[in-house]
């Protein structure tokens, strides 16, 4: 009983973190990747993955409250599906790094000449682009159901809980914006210096 009371007490904050991180993940994946280098695309995918994992974790916490709506369980399942797909996107993007190295270990292991491996990086890049396109399509389809769930969740909160939700949401969004700005600044100051993987 006390556990459920604790979950209910923290529900507005868990909902706020769920929404702030989910929305940030959606915004990130909808940014165009054209002009990004491979390592930048890897960091982009890693960031999106971290955002969706955090959103799913707090959706799970919010969903344990006795006041949780049935649709919240489906939204959690949807976020887990998106997280799995972003992991696939990251994997396909990371595969391309194996062919960037001057002494490609695959070439040595497979005992092939570099020209025999030329087509593989493009193959992985196309798979990554296909996966990203599918994710963005799903996220677009989820816009209306997510908005409905958001409205229903807010209506289920008391006035005081809505205030807590709003304050927490704004704080989380500010933190995420600041973290993104710092990451962008670090990327700019590093310039063309290669990052180790």
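Just so it is clear, none of the values below were taken in a lab; they were calculated from the coordinates. Note that the structure is a prediction, hence the values are computed from the model and not measured. Neighbour counts run over all protein chains shown; Cβ positions are idealised from the backbone, glycine included.
Does residue 58 satisfy the condition of being closer than 30 Å to residue 154 by Cβ, part of a helix (DSSP H, G or I) and over 11 Å from the mean Cα position of the chain (by Cα)? Answer is yes for this residue. The residues in the stretch 27-37 that are surrounded by fewer than 16 Cβ atoms within 10 Å (Cβ to Cβ) and in contact (Cβ under 8 Å) with a residue 40 or more places away in the chain can be counted, and the count is 2.
Of the residues making up the stretch 108-122, those that are surrounded by 12 or more Cβ atoms within 10 Å (Cβ to Cβ) and within 25 Å of residue 89 (Cβ to Cβ) are 117, 120, 121.
Somewhere in the stretch 6-23, is a residue farther than 18 Å from residue 171 by Cα, part of a helix (DSSP H, G or I), within 19 Å of the chain's Cα centre (by Cα) and without any contact (Cβ under 8 Å) to a residue 40 or more places away in the chain? No: zero hits.
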